[in-house]
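The values are calculated or read from the model by the stated rules, or taken from the named source; none is laboratory data. Fair warning: this is a prediction, and the values are worked out from it, not measured in the lab. We place every Cβ from the backbone using ideal geometry, glycine too, and count neighbours over all the protein chains shown. All accessible areas refer to the heavy atoms of the entire protein, side chains included, with ligands and DNA or RNA removed. Shrake-Rupley method; radii C 1.70, N 1.55, O 1.52, S 1.80 Å.
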Amino acid sequence: MTHPVSRLRELVSAAVVESFGPEHAAVDPAVHRSAFADYQADVALRLARAVRKPPLEVAKALAAAIDASELCEDVQVSPPGFVNFRLRRDVLETSINALVRDERAGVPRVARAQTIVIDYSSPNVAKEMHVGNLRTTVIGDCLARLLGFQGHRVVRQNHIGDWGTPFGMLVEHLHDLGSEQSAAPALADLKAFYQAARSKFDADPSFADRARQRVVLLQAGDPATLAIWRTLIQASLVYLRSVYQKLGVLLTDDDVRGESFYNPLLPRVADELEQRGVAQIDQGALCVMMPEFKNREGETLPLIVRKKDGGFGYAATDLAALRFRVDELHADRLLYVVGSPQQQHFSMVFAAARKAGWLPESVHAEHVGFGSVLGADRKLLRTRSGDSPSLVELLDEATERADAAVREKNAEMPAEMRARVAQQVGIGAIKYADLSSERIKDYVFDWSRMLSFEGNTGPYLQYAHARICSILRRAAEGGSELAADLLAFNVPELRAVRLEQPAERALAIELIELSSAVEAAASTLSPHRLCTYLYELASRFTAFFESCPVLKADTPEQRDSRLVVCGASRRALAVGLTLLGMGAPDRM
């Protein structure tokens with residue numbers, strides 16, 4: 001499917017070269033949606049200074065050079081220098097026919113695919129996941145879906161915390177429990193297990209001493225200690241698997257590459273940095289000193305690779321991981337979906353890796369930061385006891401609340417179906433509340449808002465999809481083979497589409513914008529852009545549904561045309577919801 005806007009951009013760029021010379025070939029044609037036309041090109045405003053002409057004069061020259069008759073019924077110029085396009089109706093109708101038959105809903109694959117390594121989720125082993133793990137997991141998963149859908153080779157990396165000082169305490173506690181039969185019940189509740197180990201460490205000096213010695217044994221590779229440690233890891237992986245399945249994300253055991261994987265590589269990292277003169281000893285610690293990074297007192301801030309006691313910090317592990325991802329995973333691009341407070345840390349790691357020659361200029365590394373989840377008091381979301389809420393408890397509560405909402409909306413729905421829909425709606429509501437907020441900002445966790453069937457929410461989008469399915473289902477039950485095909489995403493032949501009403505045209509233009517929304521969300525790593533688009537699409541469909549009868553259309557031809565528009569809308573919503581990691585229920 002050739003997107004009309006892609007062709008418009010080509011035509012505007014050609015007009016720029018024809019009117020003002022090839023030296024301006026790289027100027028962005030800046031074609032986008034407009035409130036005053038279907039599309040608008042702002043390039044004249046950008047060119048005016050370079051060609052030393054008023055923007056309006058530039059716009060008129062471009063309009064005269066553009067032959068857009070293949071696409072447009074009208075090309076006009078408006079002050080201060082806009083070129084406005086109104087698409088031909090038959091172009092829109094052909095586009096809708098193509099979209100409804102395309103499983104990608106008109107979204108093209110990228111011309112040049114990259115290998116993109118995405119670091120996300122990364123919880124700590126032997127600890128319960130909490131609300132603080134939510135955003136990295138949901139945002140990272142959405143980006144993996146978006147970039148993978150575009151055609152990139154996405155390599156997911158779950159950099160779990162499975163090494164370090166706390167494991168002496170945890171291993172020793174598990175050792176005290178004795179046999180596997182005694183340990184299994186304790187490991188089934190990781191939160192209680194961790195708290196019990198912590199309490200013993202704080203209250204019993206002899207246990208604390210044994211725990212510290214256990215760290216030494218672990219780092220030395222003591223077989224018995226490693227065996228207990230592996231038991232902890234396996235129990236945690238079982239737990240993580242259940243959480244990821246409940247949350248509906250792509251992460252699997254194969255994506256796990258924890259801190260322990262890089263531990264054997266850390267001495268080499270430190271030695272090479274020192275040998276190359278990138279790092280030096282400062283107050284007993286091996287540090288990379290980069291003048292561009294300062295502390296609050298204006299002093300150079302060190303990136304500590306090896307502490308003065310000989311232990312390695314997070315910087316060493318992150319440098320080893322970065323090097324592995326470039327050398328072994330052959331990454332063209334590295335994305336770290338980690339909270340905003342870690343921005344400086346990753347900037348320093350990237351800069352140190354550049355100095356060491358481990359991060360070539362051809363490889364792009366980016367920290368994908370995000371804000372926090374806040375409670376109604378606009379402070380970090382906490383339980384009444386002051387703890388971060390358990391992620392599993394949060395997800396279960398979302399499903400329970402969604403079940404009540406679905407029951408209220410459709411009391412006749414069978415219990416088994418309602419349970420499935422409630423899972424999709426509840427988990428989808430949490431994801432959408434997160435993804436629809438601008439990533440870098442904090443957002444307030446509000447049950448009543450996120451589970452509402454009105455406004456810019458997940459349930460509103462899912463209900464729009466279910467409503468379309470209901471229309472198609474009723475038409476199919478009335479004997480429409482076309483509706484049955486559309487329900488099955490099977491439209492073997494082009495069908496006549498007639499966009500006669502303003503609401504039909506407005507919806508058609510929104511539908512062909514899906515590819516632009518996916519590109520915008522993926523290129524800026526901003527899922528909220530896709531969310532905004534999907535909300536506009538659902539709103540446009542609602543307006544269409546209210547003003548353009550489908551099942552009670554004036555003629556069979558008009559009914560079939562509107563059924564195709566419904567099918568295209570369902571296709572676009574289903575693709576969009578899937579890219580957000582949300583379910584698209586066909587009944588609600």
What share of the DSSP beta bridges in region 1-160 is antiparallel, in percent to the nearest 5?
70 percent
Simple spin-label estimate for residue 383 and residue 366 in nanometres, 7 Å along Cα-Cβ
3.7 nm
Set of lysines near residue 552 by C-alpha distance (under 25 Å), chain-local residues within fewer than 8 positions excluded:
409
Accessible area in square angstrom per residue, region 177-282, 1.4 angstrom probe
54 Å²
Percent relative contact order of region 19-73, based on C-alpha pairs within less than 8 angstrom and at least six residues apart?
26 percent
Gain in length, residue 481 to residue 308, computed as 0.36 nm per residue apart minus the alpha-carbon separation, to one decimal in nm?
54.8 nm
For region 360-379 versus region 563-587, the gap between their alpha-carbon centres in whole angstrom:
29 Å
For region 418-567, one quarter of the surface area of the C-alpha convex hull, expressed in nm², comes to 10.1 nm²
Ranking request for peptides 400-410, 517-527, 548-558: highest mean number of other beta-carbon atoms within 10 Å first, then the rest in descending order.
517-527, 400-410, 548-558
May I ask what percent, to the nearest 5, of DSSP beta bridges between residues of the chain are antiparallel?
55 percent
Checking region 239-280 for trypsin sites (Lys or Arg not before Pro) in a loop per DSSP with at most 14 other beta-carbon atoms within 10 Å yields 276
Among 127/200; 191/431; 379/431, which pairs are too far apart, with a Cα-Cα distance over 22 Å?
191/431
Might you report the magnitude of the Cβ-based charge dipole of region 317-405 about its Cα centre, with Lys and Arg at +1 and Asp and Glu at -1, to the nearest 20 debye?
460 debye
Let's test the formula: R0 of 45 Å, r as the Cβ-Cβ distance of residue 332 and residue 552. What FRET efficiency results, to the nearest 0.05?
0.25
Give me the one-decimal Kirkwood hydrodynamic radius in Å for region 324-409, with the sum taken over alpha-carbon pairs.
16.6 Å
Is the shape of region 222-371 rounded, prolate or oblate, going by the alpha carbon gyration tensor and its root eigenvalues a ≥ b ≥ c, with a/c under 1.5 for rounded and a/b larger than b/c for prolate?
prolate
If you place +1 on the Cβ of every Lys and Arg, -1 on the Cβ of every Asp and Glu, and leave all else neutral, what size is the dipole of region 415-505 about its Cα centre, to the nearest 20 Debye?
100 debye
Between (i) -0.55, -0.87, -1.05, -1.25; (ii) -0.94, -1.13, -1.19, -1.25; (iii) -0.70, -1.00, -1.13, -1.25, which matches log10 I(q)/I(0) by the Debye sum over Cα atoms at q = 0.08, 0.10, 0.11, 0.12 Å⁻¹ calculated for the structure shown?
(iii)
Cα coordinate range in region 134-214, projected on the principal axes (Å, largest first)
56, 25, 19
For region 363-416, what class follows from the C-alpha gyration tensor (a ≥ b ≥ c being the square roots of its eigenvalues): rounded when a/c is under 1.5, otherwise prolate if a/b is larger than b/c, else oblate?
oblate
Alpha carbon convex hull of region 29-113, volume per residue in cubic angstrom
126 Å³
Anchor residue 355: lysines whose Cα lies under 18 Å away (excluding residues fewer than 8 positions away in-chain):
294
